[in-house]
Amino acid sequence: MVQLIVTPETALADEPICIRATGLNPFQVVTFTASLTDEKGKLFQSRAFYKANEAGNVDLDQAAALGGDYVGVHPMGLFWSLKPVNPFRRLLKQDVMNSPFYIQLDIFDSLLLEDSPKIHPKASQMIERWFSGPGLQRIPVRNGRVRGAFFLPPGEGPFPGVIDLFGGIGGLIEFRASLLASHGFGVLALAYFAYEDLPRSLLEVDLEYFEEAANMLLHHPQIQRSGIGVISVCKGAEIGLAMAIHLEQVAATICINGTNAVHETPCKYRDLVISPIPHQKEYTQIHVSGALNFRRIKGDPRDEVNQQSVLPVEKARGHILFIVGEKDECLNSKAYAEQAMEQLKSHGRSNGTLLSYPGAGHLIEPPYSPLCFASWNPFLSRPFLWGGDIRSHAAAQEHSWREIQKFLRCHLAPSRSKL
Amino acid sequence: MAQIIVHPKTALVDVPLQIRVTGLLPSQLIMLQASLTDERGELFQSQVFYKADENGEVDLEHAGALGGDYVGIHPMGLFWSMKPKKMLSRLLKRDVINSPFLVHLSVYDITKPFSSSPDSLMASETVERWYSTPGVQRIQLKEGRVRGALFLPPGDGPFPGVIDLFGGIGGLVEFRASLLASHGFATLALAYFAYDDLPKNLDVIDIEYFEEAADILLRHPKVLGPSIGIVSVSRGAQIGMAMATFLKQVAATVCINGVFLAEQIVIKYRNEKFFSFSQHLERLRINELGLLAFYSALGNPQEEANKHGLLPVERAEGHILFIVGEKDYSVNSKIHAEQVMEQLRRHGKNNATLLSYPGAGHLIEPPYSPLCVASMNPFIPRPVLWGGETIPHAEAQEHSWKEILKFLRHHLTPTSISKL
C-alpha cells in the first residue's frame, strides 16, 4: 500500500519538512505534486518525477528528481517551484495570523503532466505552512502618522526591534515581518504609501515619517533600547539605506536588491532635500514573455550629473548588509551594492557586507517561497519582470534568511549599546 | 509634421523594408508600434523607443532602438519582435493567395510609454505583407492517398519541384510552400496526418506515402525532373531525412531542427522497418513560466537503446542541409544533426552541410516572422517551449532562408542534377 509520510505536517513556512513515499514498486516512475489555493482562490502547482529505489521508496531528502519543475536532490523543491496555473500571479499571504497556506501533497504511480479527474493519487497528505508561530501577537498600528502592523513574540522580552519595508507595490505586506517575529524579533511591518490614509502614490520619501516609526518602536516597553534594525527590499531598500545614514536610531540595516542613490522620487529629511535621478522609461525592455524589464531605466549613479543623488553611505553609523540577486531584472542591484561598498572602503569604513547570489532574482524572500519570475503590477498594463533562475534563487533564499537573522542578532544584541 | 515613409508598401513577406520617420523635433523621443490582426482576430504587436537625430528623423537603417521589444539597429525589428496579445498564440497565415497580412505602423509621442492614446499618435502607415507573388497558382491536391496543395510559380516553367513538410501540429501548413513558389520552385505543401481523410494521429511514418507524393509532383507537366528537393521542419524533418535516405528521386533535402531516428514511432519503407523505444518522459522539464521543454526527454542518438532506430542515412544519394537552432528546447537538434553528419563521414560520404545558429529556437521560419517561443500543441496538455532568443533567432531566419534558396537552386537546376 502506497504511503506518503510528511513530517512535520504543521510548521512555519520557513521550516523544511521531510517527505517520503513508501510501498511503491521497485524502480517505478512516480509523480509528486503539490497544490495550493491562495486567499484569492488562485491555484498554484508543482510537480516532479522520481524513480523509486529497489525497496519501492522515494525519500526526497536523498532521491533526485528526474524531471518536472526541478531536477536533482531538492527536499523542498515542490514548494519553491510552485507555479500559478494562470501565469504572472504572485503568491503572497495576506492573513498571516489566523490561517496557514494549506498545501496538498499527492503521489501518483505514473508520469502525470497534468491533473486529470480520472486519475487519482495513490496517497495524499495535507500540510499547513504558517507565517506566524504560536503566541505571536499582531497589533495594528495607527499612531501619529505611522501605519502598519506590529508583531510581538511571546514572552516578556525585551526583543530586538526591526522595521520591515517592502517596495514599489505599496500597501502593507506582512508575511516577512510575522516570520521574523516568530524568530524572536519585535517587527513593525511599515506601510508608506497606498495604504489607509497614507498618500496614494509615492511622490516623495519623507524620512521623518520613518523616524517617527523608529522612535515609536524604540519606545515600546518590550523592545530593546539600544537601536533598531531595518530589513528592506527594492524601493524599501533605498529608503532603508537613507534611514541607516540619517537616523541614529538605526543600528543594523539589511538592503535586499536596492539602490545606492535616490531615484525617481525626492528624499527629504528635516531641511535636507535629495533630488532624484529620473527614470528613463525609453530604456524599458520587453521580455519574450511580454513582461516589462525595467532594469535599464534607472540612470547611472556614477554619472557626474547624478552625484547629488548618491546616498552618502559612509555616514551610516550602524552595520549594513547588502543582499544581491545577480539575475535581478528589476534593477542592477549588484552594481549599486558594489558601488556602495566601494564608497565605504574609500572612506575607510568597514561596516558593510555584501552577499551576492548568482542566479537569484529580485524577489528574494524567506526560504521555500516560490520564485516569482514575473507578475502583474497594479500600475502597469503588462506583467513586470523580476528575474531569477529557480534553483539558484531557492538556494539564495535559504542562505540569505539565515544570514539575515545572524546579522540582526549580532548587531542588535543588548551589549552593543555603543550608539 | 511627422510622417512615416515606408518602402515598399506592398511586398512578399520575406522582403525587407526601408522605414523612416521624418518631421520630428531634434532628439525627440518617440514610440514606434507595429500591429497586425491575424485571420482569427488575434492581435500581434511590437513597440520600440527611438530618439530622433538632429534633423528630427529616425531612419531604421541607422538608428538604434533604445528599448522596447528590441534594442539596437534592426531595420526589420518591428516585424520579427511582434508578440501576441494573447500569450502562446502563433502567427500562421492560412490564406496564402488571396490576402496579405496588413501591418499598421504608427508613431507615438512618448510622454506616456505603453499607453498609445489617440492624442499621442503622430503618424501612421499600413503595409501589405504577402505570402505569394502575383501569378502564383494554388492547386488543391487529392490524388491516390496524397493530400496537399501544389503551388506553381507564374509562367510556363518547367520549375524545379520541392516538397514542403511541417511538423507535429498536423494539418496543412502552406505559407512556406507559397513563398518557395514565389521564388521559382513548384512546391507541394504535403499533409500527412490530421487533414482531410488522412489518419487523425501519426502512428507510423510510411515512406511509400511520401514516395507517391514525390512521383505525383514529378509527373506534373510544369515540374522539372528528374529529381525533387525537400524543405522540412521538426517532425517533417525526420520524414525528410527518411525520404532522402530511401528515395532516389530526392536530390536536395533541407532538414530544420529534426530528430533523425525512428524514436517512439515506426519508420517504414517497403519491407524495411526502423524503430527504437527510448523515451524518458520523466526527464521533461517545466520552466519558470510553466512551459514544457521536451528536449531532455527524448533519447540521445548515441544511446545503445537507439541503435535499431537509426536510419541508414549513408544510402542518401542527394545532398542534405541541416539547419539547427542551438536554443531549441523541444528537441536537442544539434546532437541529432551531428550524429547524422558523423554517420555519413564514417561511410566516406560528404554530401551534407550543417548550419548551426546560436540563440535560435525550434521554429526557424522565413525571415521577419515573429519568434514564437512557446505555443499550444493540439496533442500536448501544456504549452510547449520552442525556445529561441529574439534577436539571434531573427538573424538565423534571415541567414538560413538565403542559404535554403541557394542550396535548392544549386542542387535542383539542370546542370547540377545531371551530376547525380
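The values are calculated or read from the model by the stated rules, or taken from the named source; none is laboratory data. From a predicted model like this one, the values you see are computed outputs, not experimental measurements. Glycine also receives a Cβ, built like all others from the backbone with ideal geometry; neighbour counts cover every protein chain displayed. To get the accessible areas, we keep the full protein, side chains included, count just its heavy atoms, and leave off ligands, DNA and RNA. Shrake-Rupley method; radii C 1.70, N 1.55, O 1.52, S 1.80 Å.
Please state, rounded to one decimal and in Å, the Kirkwood hydrodynamic radius that the protein assembly as shown gives when every pair of distinct Cα atoms enters the mean of 1/r.
Details: mean 1/r = 0.0334 Å⁻¹.
Over the protein assembly as shown, the inverse of the mean reciprocal pair distance is 29.9 Å.
Between segment A:248-270 and segment B:17-80, the C-alpha centres lie 38 angstrom from each other.
Could you state the accessible area per residue of segment B:46-113 in Å², with a 1.4 Å probe and every protein chain left in place?
Value for segment B:46-113: 40 Å² per residue.
For segment A:137-411, the fraction of 1.4 Å probe accessible surface lying on carbon and sulfur atoms is 50 percent. Sorting the segments B:326-332, A:135-141, A:300-306 by their residues' average number of neighbouring beta-carbon atoms within 10 angstrom, most packed first, yields B:326-332, A:135-141, A:300-306. Straight Cα distances below 16 angstrom link B:LYS93 to the aspartates and glutamates B:ASP14, B:ASP38, B:GLU39, B:GLU42, B:GLU128, B:ASP164, B:GLU174, B:GLU365, with same-chain residues fewer than 8 positions distant left out.
Could you tell me what percent of the DSSP beta bridges with both partners in chain A are antiparallel, to the nearest 5?
Numbers: 54 of 87 bridges.
Percent antiparallel among DSSP bridges in chain A is about 60.
The value given for chain B is a Kirkwood hydrodynamic radius of 22.5 Å, derived from the mean inverse Cα-Cα separation.
Among the chymotrypsin sites (Phe, Trp or Tyr not before Pro) in segment A:347-377, which ones are in a DSSP loop with at most 16 other Cβ atoms within 10 Å of the Cβ? Mind listing them?
A:TRP376
If packing is taken as the average count of other Cβ atoms within 10 Å, what order do A:115-122, A:355-362, A:97-104 fall into, highest mean first? Can you show the working numbers first?
Details: A:115-122: 11.6, A:355-362: 21.4, A:97-104: 15.1.
Output ranking for A:115-122, A:355-362, A:97-104: A:355-362, A:97-104, A:115-122.
A cut-off of 5 Å between modelled amide H atoms, ignoring neighbours fewer than 5 places along the same chain, links B:THR133 with B:SER182. The angle separating the long axis of helix B:333-346 from the principal Cα axis of greatest extent in chain B is about 40 degrees.
Can you tell me the 0 to 90 degree angle between the C-alpha axis of helix A:207-218 and the longest principal axis of chain A, rounded to 10? Rounded to the nearest ten degrees, it is 70. Start at zero, step by 10 Å, and the Cα-Cα distances of segment B:263-326 spread as 17, 36, 33, 11, 2 percent across the bins.
Residues considered: A:ALA13, A:ALA242, A:ALA123. Largest GNM mean-square fluctuation over chain A, using C-alpha springs under 10 Å, is found at A:ALA123.
Overall shape of chain A was characterised from the C-alpha gyration tensor. The equivalent ellipsoid obtained from it has semi-axes of 39, 24, 19 Å, in decreasing order. Return the subset of B:LYS200/B:LYS406; A:LYS281/B:LYS406; B:LYS307/B:LYS327; A:LYS327/B:LYS83 for which the Cα-Cα distance in this structure is over 32 Å, preserving the input order. Too far apart for the 32 Å limit: B:LYS200/B:LYS406; A:LYS281/B:LYS406.
Among beta bridges identified by DSSP and lying wholly in the protein assembly as shown, the antiparallel ones come to about 60 percent. Hey, any idea what % of chain B's accessible area is carbon plus sulfur with a 1.4 Å probe? Answer for chain B: carbon and sulfur cover 53 percent of the accessible area.
Tell me the per residue accessible area of segment A:3-130 using a 1.4 Å probe; a whole number in Å² is fine.
Per-residue value: 42 Å².
Mean per-residue shielding of peptide B:68-77 is 2, counting Cβ atoms of other chains within 10 Å of each Cβ. Restricting attention to segment A:3-130, the count of lysine pairs at 8 or more positions apart or across chains with alpha carbons under 25 Å apart stands at 12.
Using the Cα centre as the reference, give the magnitude of the dipole from point charges on the C-beta atoms of chain A (Lys, Arg: +1; Asp, Glu: -1; all else neutral), rounded to the nearest 20 debye.
Working: 40 positive and 43 negative charges, 43 e Å.
Charge dipole of chain A: 200 debye, to the nearest 20.
Could you give log10 I(q)/I(0) at q = 0.11, 0.18, 0.20, 0.21 Å⁻¹ for segment A:187-345, computed by the Debye formula over C-alpha point scatterers of equal weight, without solvent? Values, matching the q order: -0.45, -1.16, -1.38, -1.49.
Taking N as the number of residues in segment A:3-130, what value does Rg over Cα atoms divided by 2.2 N^0.38 Å take?
On the way: Rg = 14.3 Å, N = 128, 2.2 N^0.38 = 13.9 Å.
Against the empirical 2.2 N^0.38 Å value, I get 1.03 for segment A:3-130.
When the Gaussian network model of chain B links Cα atoms closer than 10 Å, the mean-square fluctuations of B:TRP386, B:TRP401, B:TRP80 top out at B:TRP401. Between the helical axis of B:235-246 and the longest alpha-carbon principal axis of chain B there is an angle of about 40 degrees.
Convex hull of alpha carbon positions in segment B:224-281: directionally averaged projected area 4.4 nm².
Summed over qualifying helices (DSSP H, 4 residues or more, each -39500 (n - 2.57)) and divided by its residue number, chain A shows a 222 nm mean residue ellipticity of -5000 deg cm²/dmol. Rounded to the nearest whole angstrom, the semi-axes of the ellipsoid equivalent to segment A:79-212, taken from the Cα gyration tensor as √(5λ), stand at 37, 20, 10, largest first.
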